[in-house]
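So the structure is just underneath, and the comments pick up after that.
The values are calculated or read from the model by the stated rules, or taken from the named source; none is laboratory data. What you see is a predicted model, and the numbers here were worked out from it, not measured in a lab. No Cβ is skipped: glycine too gets one built from the backbone with ideal geometry, and neighbour counts run over all protein chains shown. Heads up: the accessible areas ignore ligands, DNA and RNA and are worked out on the full protein's heavy atoms, side chains in. Shrake-Rupley method; radii C 1.70, N 1.55, O 1.52, S 1.80 Å.
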Amino acid sequence: MSAETEKVRLILGLKVRQLRLERGLSQHELAQRVGLAHSYLNEIEKGKKYPKADKMMALAQALGTDYDALVSLKLDRKLEPITELLNSRVLSELPLGMFGLEPAAILQLMSEAPDKLSAFVNTLIKLTHSYDLRTEQFYFSALRTYQEMRDNYFPDLEEAAEKFLHEVLDGQKPETAEQIQNVLTGRFGYRFRDFGADTHPAIGSLRSVFVPPHSELWLNQRMTRSQRMFTLVRECGYQFLGIRERSLESSVVEPESFEHMLNNFRASYFARAVLVPRRELIPQMEAFFAKTAWDGAALPDILQAFHATPEMFLLRLTNVLVQHFGLNRLFFLRLDHTTGDSRYHVAKELRLNNLHSLPGPVLREHYCRRWVSVTVLQELAEAIRIGAWDKKPLARTQKWRHIGTGAEYWVMTLAKPSPPKPGVVSSVSLGVEIDDGLRQRVAFLDDPQITQRDVGDTCERCPAENCLERAVPPLVLAQRQRVGDLKKTVAALGRK
């Protein structure tokens, strides 16, 4: 169904409802006058059905209007923002249904409070234009909210992964990329082709590209073994879960729809659950948390046992910490850094249980240089420069005390280069708010080698004085203080 057809249905439904209410008719009364089923009239008002010409004539007559006015796409002047909203494609592009919202319901709310609600929605549309917010940014935000609402734990995907392990891999997690490649070839008819930045520079930063209709998968030669295994198992996820609407690129750069982004997440979750089965992960982490001292060297060994990348491992850990360890206030953060650049880029974040008092992504500002997520990247870059890096991910830990809120977190971070992106290093961090539950679970939490730092959000917003790590002055903070002083002065004048 085209977006234009959906818009026609929505406008008709809104008009029918408005006219019915103006005439003081219930849905049941109007349905009887027109000779329609009550349920069908309800579908018309929700913008889901569009009656044939004879019923449309009967509707117009029962509502005291003419046919042309009823089928026209023009709305009353006071409802012009609704037309702008429909023409903006917001209703068709955002995954409203995932949150139990229907476009018709939003339009009805706007029609009932046209001045305030219409102005509010119109303001949102203008803000997206002013700040160049693209559709995919809405998609990413909606997906994160979807994960957070469910504590990033999806039983149906867990069960599908266990079924795949049992039915396809004899109950054992995969050990080699060739093993998964054989599954894709024999069970799903895949063909494979390697590529590189030298042969295909335009796609050299991608890990893989799926080429339909012959199920040909192009694999980047620069991928590590762990990245290759994840890519292959994710393809198994697309097939085993019966997903047809999907992105062709390994990274969802510009999704055609929210469905593509959601399905990429589902296949990726499946892959992590297959490569890092919860029945093996939970005992490993129980043993790790039972240590009385921080053992950073143990984390790379656990990663190697699962053939997992740092990002895959920590994201998988977020799936089980809430469900199996009762640690429900946590965040995941991935930072990317390019050699020679002074900034660090938040590439991915996830906050569970409405955790908002931790540093968040702010465009074009300098993230706090006290974060272990940043310092480990500085350490890794220097080790690579002098040839001292041993090819294993660096594992570091820290306690954060957030300046301003006083909230405290324990953070563990893993960092390594980010192939197939030359010159890029990445850190992934898992932080858990420090409370009695964490102290009961993590025996080494008070290990003196775990340093504690007061951290801010960005240098531009941080009130810390004499900070040796500060990259730029606190310009945003200073502006806020000027506004605050102005307001205090004005308030004082009123008291004289």
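Which order do 282, 44 take when ranked by solvent-accessible area (1.4 Å probe, heavy atoms of all protein chains), largest first?
From most accessible down to least: 282, 44.
Under 22 Å Cα to Cα from residue 488, which lysines show up? Leave out anything in the same chain fewer than 8 places away.
496
Ignoring ligands, DNA and RNA, what percent of the 1.4 Å accessible area of the range 357-496 is carbon and sulfur?
Values: 3920 of 7360 Å².
In the range 357-496, the share of accessible area belonging to carbon and sulfur is 53 percent.
At a 1.4 Å probe, what is the % contribution of carbon and sulfur to the accessible area of the range 191-266?
Ligands and nucleic acids excluded, carbon and sulfur give 47 percent.
Given 7/74; 173/421; 392/421; 173/392, which pairs have Cα atoms separated by over 20 Å?
173/421; 173/392
With every protein chain left in place and a probe of 1.4 Å, what is the accessible surface of residue 26, to the nearest 10 Å²?
For residue 26, the solvent-accessible surface is approximately 50 Å².
For 367, 146, give me the order by solvent-accessible area with a 1.4 Å probe, most accessible first, ignoring ligands, DNA and RNA. Numbers along the way, then the final one.
Working: 367 15, 146 35 Å².
Correct descending sequence by accessible area is 146, 367.
Show me the GluC sites (Glu not before Pro) within the range 382-476 that DSSP assigns to loop and that have at most 11 other Cβ atoms within 10 Å of their Cβ. Intermediate values should be presented prior to the final figure.
Numbers: sites: 382, 408, 433, 460, 465, 469; in loops: 465, 469.
Filter output for the range 382-476: 465.
With 25 Å as the limit, write out which pairs from 348/416; 399/487; 163/291; 163/348 have Cα-Cα distances beyond it, or answer none.
399/487; 163/291; 163/348
At 1.4 Å probe radius, can you tell me the per residue accessible area of the range 307-435 in Å²?
Details: 4780 Å² over 129 residues.
Per residue, the range 307-435 has 37 Å² of solvent-accessible surface.
What accessible area, in Å² to the nearest ten, does a 1.4 Å probe give for residue 224?
Surface accessible to solvent at residue 224 totals approximately 50 Å².
Just in the range 208-255: which trypsin sites (Lys or Arg not before Pro) are loop by DSSP and have at most 14 other Cβ atoms within 10 Å?
Passing sites in the range 208-255 are 244.
Roughly how many Å² is the accessible area per residue of the range 438-496, as a whole number, for a 1.4 Å probe?
Working: 4200 Å² over 59 residues.
That works out to 71 Å² for each residue.
Rg (Å, one decimal) plus Dmax (Å, integer) for the alpha carbons of the range 356-496?
Just the Cα atoms of the range 356-496 yield Rg and Dmax of 19.0, 70 Å.
Report the accessible area of residue 159, computed with a 1.4 Å probe over the heavy atoms of all protein chains in place, in Å² rounded to the nearest 10.
110 Å²
For residue 190, list long-range residues whose amide hydrogen, built 1.01 Å from N in the peptide plane, is under 5 Å from its own amide hydrogen.
Amide H neighbours of residue 190: 185.
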